[in-house]
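For reference, the structure discussed in these notes is given below.
The values are calculated or read from the model by the stated rules, or taken from the named source; none is laboratory data. Nothing here was measured: the structure is a model prediction, and the numbers come from that model. FYI the Cβ positions are ideal-geometry reconstructions off the backbone, even for glycines, and counts take in every protein chain you see. With ligands, DNA and RNA removed, areas are computed over all heavy atoms of the protein, side chains included. Shrake-Rupley method; radii C 1.70, N 1.55, O 1.52, S 1.80 Å.
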Amino acid sequence: MKNEPLDRSAIIAGLVPLKDWQLTPEDVLPQVIEKNYTFKDFNAAFGFMGRVALMAERANHHPEFHNRYRQV
(Lines give C-alpha, C1' and ligand atoms only; values in the text may rest on other atoms or scores of the structure.)
Protein backbone atom coordinates (compact mmCIF):
# COMPACT_ATOMS: atom_id res chain seq x y z
CA MET A 1 0.00 0.00 0.00
CA LYS A 2 1.38 3.37 -1.00
CA ASN A 3 1.27 6.18 1.56
CA GLU A 4 -0.37 9.27 0.17
CA PRO A 5 0.43 12.70 1.61
CA LEU A 6 -2.28 14.28 3.72
CA ASP A 7 -4.04 17.33 2.35
CA ARG A 8 -3.70 20.65 4.16
CA SER A 9 -7.06 20.43 5.94
CA ALA A 10 -6.25 16.94 7.29
CA ILE A 11 -2.89 18.15 8.60
CA ILE A 12 -4.45 21.17 10.30
CA ALA A 13 -7.17 18.97 11.83
CA GLY A 14 -4.50 16.62 13.18
CA LEU A 15 -2.66 19.53 14.81
CA VAL A 16 -5.72 20.76 16.76
CA PRO A 17 -5.01 18.68 19.90
CA LEU A 18 -1.28 19.47 19.79
CA LYS A 19 -0.55 22.66 21.75
CA ASP A 20 1.24 25.36 19.74
CA TRP A 21 2.06 23.22 16.68
CA GLN A 22 1.22 24.84 13.35
CA LEU A 23 1.49 24.27 9.62
CA THR A 24 3.47 26.85 7.69
CA PRO A 25 1.45 29.15 5.40
CA GLU A 26 0.48 27.77 1.98
CA ASP A 27 2.92 30.07 0.18
CA VAL A 28 5.90 28.76 2.21
CA LEU A 29 7.51 25.73 0.60
CA PRO A 30 8.17 23.11 1.63
CA GLN A 31 5.13 22.83 3.87
CA VAL A 32 6.22 21.81 7.37
CA ILE A 33 4.72 21.60 10.83
CA GLU A 34 6.55 23.64 13.43
CA LYS A 35 6.61 24.69 17.04
CA ASN A 36 8.73 27.28 18.84
CA TYR A 37 10.24 26.59 22.26
CA THR A 38 11.72 29.19 24.62
CA PHE A 39 14.12 28.22 27.40
CA LYS A 40 15.73 30.06 30.31
CA ASP A 41 19.08 30.36 28.51
CA PHE A 42 21.26 29.11 25.66
CA ASN A 43 22.50 26.04 27.56
CA ALA A 44 18.96 24.84 28.23
CA ALA A 45 17.97 25.38 24.59
CA PHE A 46 21.04 23.59 23.27
CA GLY A 47 20.60 20.71 25.72
CA PHE A 48 17.03 20.26 24.48
CA MET A 49 18.28 20.13 20.90
CA GLY A 50 20.81 17.46 21.83
CA ARG A 51 18.22 15.28 23.58
CA VAL A 52 15.79 15.59 20.67
CA ALA A 53 18.58 14.81 18.18
CA LEU A 54 19.36 11.53 19.96
CA MET A 55 15.69 10.48 20.01
CA ALA A 56 15.22 11.53 16.37
CA GLU A 57 18.23 9.50 15.25
CA ARG A 58 16.87 6.37 16.96
CA ALA A 59 13.54 6.95 15.16
CA ASN A 60 15.34 7.61 11.84
CA HIS A 61 13.68 11.03 11.74
CA HIS A 62 15.80 14.08 11.07
CA PRO A 63 14.03 17.34 11.95
CA GLU A 64 15.29 20.74 10.94
CA PHE A 65 16.34 22.81 13.96
CA HIS A 66 16.85 26.54 14.28
CA ASN A 67 18.43 27.93 17.42
CA ARG A 68 18.77 31.56 18.41
CA TYR A 69 20.09 32.07 21.92
CA ARG A 70 17.31 30.63 24.10
CA GLN A 71 14.81 29.81 21.38
CA VAL A 72 14.52 26.62 19.34
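Could you give the accessible area per residue of the chain, probe 1.4 Å, as a whole number in Å²?
On a per-residue basis, 88 Å².
Over all directions, average the projected area of the Cα convex hull of region 31-72 and note it in nm².
Computed as one quarter of the Cα hull surface, the answer is 3.0 nm².
So, R0 is 35 Å and r is the distance between the beta-carbons of Asn3 and Ala44; what FRET efficiency does that work out to, to 0.05?
So the FRET efficiency works out to roughly 0.45.
When every alpha-carbon pair in the chain is counted, what percent end up more than 21 Å apart?
Result: 41 percent of Cα pairs exceed 21 Å.
Restricting to Cα pairs below 8 Å that are 6+ residues apart, what does the relative contact order work out to for the chain? Please round to a whole percent.
Relative contact order for the chain comes out at 25 percent.
If I stretch the segment between Met55 and Leu15 completely, what's the gain in nm (0.36 nm per residue apart, minus their alpha carbon distance), one decimal?
Fully extending the segment from Met55 to Leu15 adds 12.3 nm.
What is the spin-label model distance, in nm, from His62 to Tyr37 if the labels are put 7 Å beyond Cα along the C-beta direction?
2.0
Only Lys, Arg, Asp and Glu count, each charged at its Cβ (+1, +1, -1, -1), so figure out the dipole size of the chain about its Cα centre, rounded to 20 debye.
Dipole magnitude for the chain comes out near 360 debye.
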